[in-house]
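Student: Sharing a structure, written as structure tokens. Questions coming.
Just so it is clear, none of the values below were taken in a lab; they were calculated from the coordinates. Since this is a predicted model, take the numbers as computed values, not measurements. Using ideal geometry, Cβ is built from the backbone for each residue, glycine included, and neighbour counts are taken over all protein chains shown.
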Amino acid sequence: MASPTLDSLDTSIIDILRGNGRATNQEIAERLSVTAATVSARLQKMEDARVMRVVAVTDFAAHGYNVIIALGVQVRGRNVRDVGRDLAKLPEILSVNVMNGDHDIELLVALRDFSEVQTFLFQHIAGIDGVAHIASGIAVDIVKFEFNVVPL
Amino acid sequence: MILSDGRARLDMLDQRIVAKLARDARISNRAIAAELGVTEGTIRTRIRKLQSEGLIQFTVVTDFRMAGSPNLCMLGIDADPSHISDLARRLSEIPEITCVVALLGRYSLLAMGLFTNIEQLNDLMTDHIRSLPGVQRVEASISVHNLKYEAGIAKITRGGPSDG
């Protein structure tokens, strides 16, 4: 898909929202000397074209997620994307990527506490058809986590 | 628990506010207040508190296409245990690396970044990462397809802009 082109007003709106995602259309309009209706229309246009989105990012802690695990999954005997789609249905799995590498699928998983780990790994994930091997890494320190460019 | 830092859990009202914001980050305080039957001032105060505690932040995410459709690359790094903290800090300083996690298990550290070409990734690995003190092995893999990404849940690791 070709990337839609943004003009300077679009990028100015994005810049202001990067600093304050909850700036009102009126506040943005005043800073850019346009009307609030124009700001509203531009935002709508960019969101409809899936160019950008303003998101409320909540910390793992706000959800009570204390255990973050990075899992590498090897698949055997089944289409990798089909396995990935089944994994994506589990709400504890925050991201699913089909990989070119040692593991076929990489997952980021958030759980509330360690007592959930065993059931989640060995029943929920291992129970999906085609999952042949799981390599797990438990996060002890998340030093940097800045995803501003995402698949929308 | 390893990742929790003693911050108070959200009460019912906080949770309901967060749920509204997760659906629409730009919903007005007034609209949230009306829907939840509390005052606009209460909503403003609650959101400010969540922001100052680093539990919520409002930001813009742009689509992959706007950055030249990069691929997410993951680097699994095995390292000398005495160097891990230092390495995590050095990796975080590399602008192309957007995520650095110290792990127990499969690797010592997991680093991620978005790259539009393999050469750029290779240069970073050979010139900047393999040569860092304590690095024993770097295993790279490239995402060829993203099937799920929750943009709304993350580790808030830097002080977000103060807004409200």
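Student: Mind giving me the nanometre distance, one decimal, between the label points for B:Ala34 and B:Ala67, set 7 Å out from Cα along Cα→Cβ?
Tutor: 3.7 nm
Student: A follow-up question, please. How far apart, in nm, are the 7 Å Cα→Cβ label points at B:Arg9 and B:Asp86?
Tutor: 4.0 nm
Student: Let me know the mean shielding of A:85-95 by other chains, meaning the per-residue number of their Cβ atoms within 10 Å of its Cβ.
Tutor: That works out to 3 on average.
Student: Compute, for the protein assembly as shown, the length of the dipole vector about the Cα centre, with Cβ point charges of +1 (Lys, Arg) and -1 (Asp, Glu) only. Units Debye, rounded to 20.
Tutor: With only Lys, Arg, Asp and Glu charged at Cβ, the dipole is about 760 debye.
Student: Compute, for chain A, the length of the dipole vector about the Cα centre, with Cβ point charges of +1 (Lys, Arg) and -1 (Asp, Glu) only. Units Debye, rounded to 20.
Tutor: The dipole magnitude comes to about 260 debye.
Student: Dipole magnitude of segment B:64-142 about its Cα centre, charges +1 at Lys/Arg Cβ and -1 at Asp/Glu Cβ only, in debye to the nearest 20?
Tutor: Computed charge dipole of segment B:64-142: roughly 200 debye.
Student: Could you work out the relative contact order of chain B? I mean the mean sequence separation of Cα pairs under 8 Å and 6+ apart, divided by the number of residues, in percent.
Tutor: Reported as a whole number, the value is 25 percent.
Student: Say a paramagnetic label sat at a point 7 Å from the Cα of B:Asn117, along Cα to Cβ; which residues of segment B:57-74 have their backbone N under 19 Å from it?
Tutor: B:65-73
Student: Counting alpha carbon pairs within less than 8 Å and at least 6 residues apart, what relative contact order, in whole percent, applies to segment A:57-109?
Tutor: This gives 40 percent for segment A:57-109.
Student: Sort B:His83, A:His133 by Cβ crowding within 10 Å, fewest neighbours at the top.
Tutor: Ranked by crowding around the Cβ, least crowded first: A:His133, B:His83.
Student: While we're here: Can you give the longest run of chain A that contains no trypsin sites (Lys or Arg not before Pro) sitting in a DSSP loop with at most 15 other Cβ atoms inside 10 Å?
Tutor: A:1-75
Student: If you average the sequence gap of Cα pairs under 8 Å that are 6 or more apart and divide by the length of segment A:8-48, what percent do you get for the contact order?
Tutor: 33 percent
Student: Among B:Leu124, B:Gly76, B:Gly54, which residue has its Cα furthest toward the positive end of the charge dipole of chain B, with +1 on Lys/Arg Cβ and -1 on Asp/Glu Cβ?
Tutor: In chain B, that residue is B:Gly54.
Student: Given axes a ≥ b ≥ c from the Cα gyration tensor, I'd like to know whether segment A:8-48 is rounded (a/c under 1.5), prolate (a/b larger than b/c) or oblate.
Tutor: rounded
Student: Shifting gears a bit: Give the residue from A:Phe122, B:Ile142, A:Gly77 lying farthest towards the positive end of the charge dipole for the protein assembly as shown; charges sit on Cβ (+1 for Lys and Arg, -1 for Asp and Glu) and the dipole is referred to the Cα centre.
Tutor: A:Phe122
Student: Between B:Thr42 and A:Val117, what is the label-to-label distance in nm when each label sits 7 Å out along the Cα-to-Cβ direction?
Tutor: 4.0 nm
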